[in-house]
Amino acid sequence: MLRPGPRPWPSPSLLPHRYAPSAIGGRRAGQSRAAPLSRRDRTEAPPRPWLSPALRFPRAVPVVPSDPNPSVTPRAPPTHPCCESTTFHPPPPPFHDPVLCSHRPAAADAFPSPSQVFYNGANVKQVDVPTLTGSFGILASHVPTLQVLKPGVVTVYGEDGTATKYFVSSGSVTVNADSTVQVLAEEAVTMDMLDLATAKSNLEKAVSEVAAASDEAAKAEAQIKVEANEALVKALE
């Protein structure tokens with residue numbers, strides 16, 4: 001009958017603390033039998049030799065210069081080495097609409113273009129606008145909406161009922177819940193600045209440009225000119 005030989009235990013210095021001879025009550029050769037360990041001695045193990053105290057996730061301490069220069073503006077620390085050259089910009093101030101910031105009982109109109117502002121915080125009775133979904137009129141307490149303007153005529157009715165017409169090429173119209181409206185036009189002019197003969201001539205040129213377009217981009221640009229000039233001719237006739 002074969003009996004298993006002794007187990008090839010590793011050196012006691014390589015054993016975990018709970019398997020070391022001192023922890024299991026064993027003894028080396030030439031040593032007297034040690035007294036049994038208490039429960040506290042068995043649970044409180046010495047630090048493991050392979051885990052250096054320097055590797056135990058030390059808490060990072062910020063480095064503060066000994067002589068800071070107050071004339072230098074502080075800069076946000078980079079979050080990645082590739083961001084070291086990124087300049088820190090403070091957050092922008094809260095946005096305030098410079099055109100309309102107050103509630104108005106009637107439909108208040110803001111009507112700017114890149115070159116001129118026709119209305120700024122004025123009380124009006126009604127505004128008629130041409131949009132891609134159709135033309136409609138805006139009165140006080142109109143449902144809030146956002147639409148894209150198409151080439152056509154914007155008509156503004158004052159509180160006394162007088163109507164003033166403007167031709168717009170494109171842009172946007174925003175109706176707010178506080179009975180205010182913003183008409184932002186790419187180009188806007190009064191009707192007396194337009195000439196019917198010139199509009200018809202420009203329309204003919206635009207139609208010929210569409211026929212002679214060599215690529216889709218040139219054709220699309222010419223088509224925009226056709227639509228704008230067609231709206232001009234229709235408004236002036």
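None of the figures in this text is laboratory data; all of them are computed from the coordinates on show. Everything quoted here is computed from the prediction, not taken from an experiment. Backbone-built Cβ (ideal geometry, glycine too); neighbour counts: all protein chains shown.
3J(HN,Hα) along segment 203-208: 5, 4, 5, 5, 5, 5 Hz, from the Karplus curve 6.51 cos²θ - 1.76 cosθ + 1.60 with θ = phi - 60°, whole Hz, x for Gly and Pro. Which entries in the list 125/225; 150/205; 165/219; 125/219 go over 29 Å, if you measure between the two C-alpha atoms of each? 125/225; 165/219; 125/219, as the Cα separations exceed 29 Å there. Database remark: amide H of residue 180 closer than 5 angstrom to the amide H of 108 (H placed geometrically; neighbours at sequence offset of 5 or more, or on other chains; Pro and chain starts carry no H). For segment 211-226, putting each phi into the Karplus relation 6.51 cos²θ - 1.76 cosθ + 1.60 with θ = phi - 60° gives couplings of 5, 9, 5, 8, 9, 5, 5, 5, 5, 5, 5, 5, 5, 5, 5, 4 Hz, in residue order, rounded to whole numbers and with x for Gly and Pro. Summarising the amide proton neighbourhood of residue 150: residues at separation of 5 or more, or on other chains, whose placed amide H is nearer than 5 Å comprise 131, 132.
Neighbours of residue 210, meaning other residues whose beta-carbon lies under 13 angstrom from its beta-carbon, give a summed charge of -4 when Lys and Arg score +1 and Asp and Glu score -1.
Cα-based radius of gyration for segment 108-193, normalised by 2.2 N^0.38 Å, reads 0.96. When the charge dipole of segment 196-236 is built from unit charges on Cβ atoms (+1 for Lys and Arg, -1 for Asp and Glu) and taken about the Cα centre, the candidate among 197, 228, 208 whose Cα reaches farthest toward its positive end is 197.
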